[in-house]
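**Q** Next up is a structure, given as structure tokens.
Here, each number is a calculation from the coordinates, and none is a lab measurement. On a predicted model such as this, the values are computed, not experimentally measured, just so you know. Cβ coordinates were reconstructed from backbone atoms using ideal geometry, including for glycine residues, and neighbour counts include every protein chain displayed.
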Amino acid sequence: MKRRLNFTLLLSLFLVFSCSEQDLDPKSVLIDGNIEQNELDSYIERQFTKDYNIAVVYKFVEAESDLDYNLSPATYESSVRMTKLLHYLGVEPYDKITGSKMFIRSYFPKLLNYIGSPAYKNNGTFVLGTAEGGTKITMYALNSLNANTGKDVEFLNSFYFHTIHHEFAHILHQTKDYPSSFDQITGSGYVGDSWSDIYNDISALEEGFISSYASKEANEDFVETYSFYITLSPEAWDQRLRDAGTVGKNKIDAKLDIVRNYFKNAWNIDLDQLREEILARQADLSKFDQLSLN
């Protein structure tokens, strides 16, 4: 009984003192959760979030990262360059061709996640970009982006923009499907996950695939055809067709016709006008300020 009385007395005293009104110490560890925005945060809010409802995560967030890889954060400078280039090469061309910001706002992934390092696999290869359910794109190897590589169109396309347009095209065809006639052009040539073992870029071209990865399955073939066409120069595209030979070239041309008609009929987008806009911006990269956030 004595123990119970002592416990009751202590509990009563605790409740009395804990419920009494007290002034907080001005040095309290409880601080306002608001974090002051830097220039890049403000730019993202102004140019991406308000206009397109797109969030850009450039500060390393473990919950947004693939824990299967050893990853490092993107530097502030590389994040600024990527964000400026993304707006210039990946977003504004669609605005200009469609005549408004609503196309990107409606269909572009809502979260872009930046990682500084490539995602290295055990076999020595590495991942440059991934997408999740049409809502998120993770871009890797951002710390390779600098004053020199930022002006190198081939580098930018290989490391970043081919992936961005590729994944965006997946969202579009999942929203409005392309004609099944596309699948039939090289239907027997799709090899699934064995694509890297069976094809290299030349042998894939000869079979009618614009890249070896396009031979995985029809959906990948469709978006690869799209992404390569709008980012490669006419000279680079024509070189691939020459490498493909007559048979391969005819198949790729037939696929491109379907892709071109699909974008016109489903989205009212002239693929050649979009390509010209992107290529014109690529040609002006030397004049484009990748660091100013005004």
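**Q** Taking the Cα centre of segment 152-288 as the origin, how large is its charge dipole in debye, to the nearest 20, when only Lys and Arg (+1) and Asp and Glu (-1) carry charge on their Cβ atoms? Could you put the intermediate results ahead of the total?
**A** Values: 12 positive and 24 negative charges, 67 e Å.
In debye, rounded to 20, segment 152-288 gives about 320.
**Q** From the Cα trace of segment 203-294, what convex hull volume per residue do you get, rounded to a whole Å³?
**A** Details: hull volume 11.7 nm³, N = 92.
Considering the Cα atoms of segment 203-294, their hull volume per residue is 127 Å³.
**Q** Any idea which of 144, 157, 93 is furthest toward the positive side of the dipole for segment 39-287, if Lys and Arg beta-carbons carry +1 and Asp and Glu beta-carbons -1?
**A** Value: 93.
**Q** For segment 39-287, what ratio Rg/Rh do Cα atoms give with a Kirkwood hydrodynamic radius? Could you put the intermediate results ahead of the total?
**A** On the way: Rg = 17.8 Å, Rh = 18.7 Å.
In segment 39-287, Rg relative to Rh is 0.95.
**Q** Would you mind checking 136/264; 110/216; 101/249; 136/216; 216/287 for any pair whose Cα atoms are more than 29 angstrom apart?
**A** Numbers: 136/264 26 Å; 110/216 27 Å; 101/249 35 Å; 136/216 22 Å; 216/287 38 Å.
Violating the 29 Å limit, Cα to Cα: 101/249; 216/287.
**Q** Amide H neighbours of residue 55 under 5 Å, at least 5 residues apart or on other chains, H built in the peptide plane: list them.
**A** 111, 112
**Q** To check you understand DSSP bridge types, tell me what percent of the beta bridges within segment 77-190 (both residues inside) are antiparallel, rounded to 5. The partial results should precede the final answer.
**A** Working: 6 of 10 bridges.
Around 60 percent of the beta bridges assigned by DSSP in segment 77-190 are antiparallel ones.
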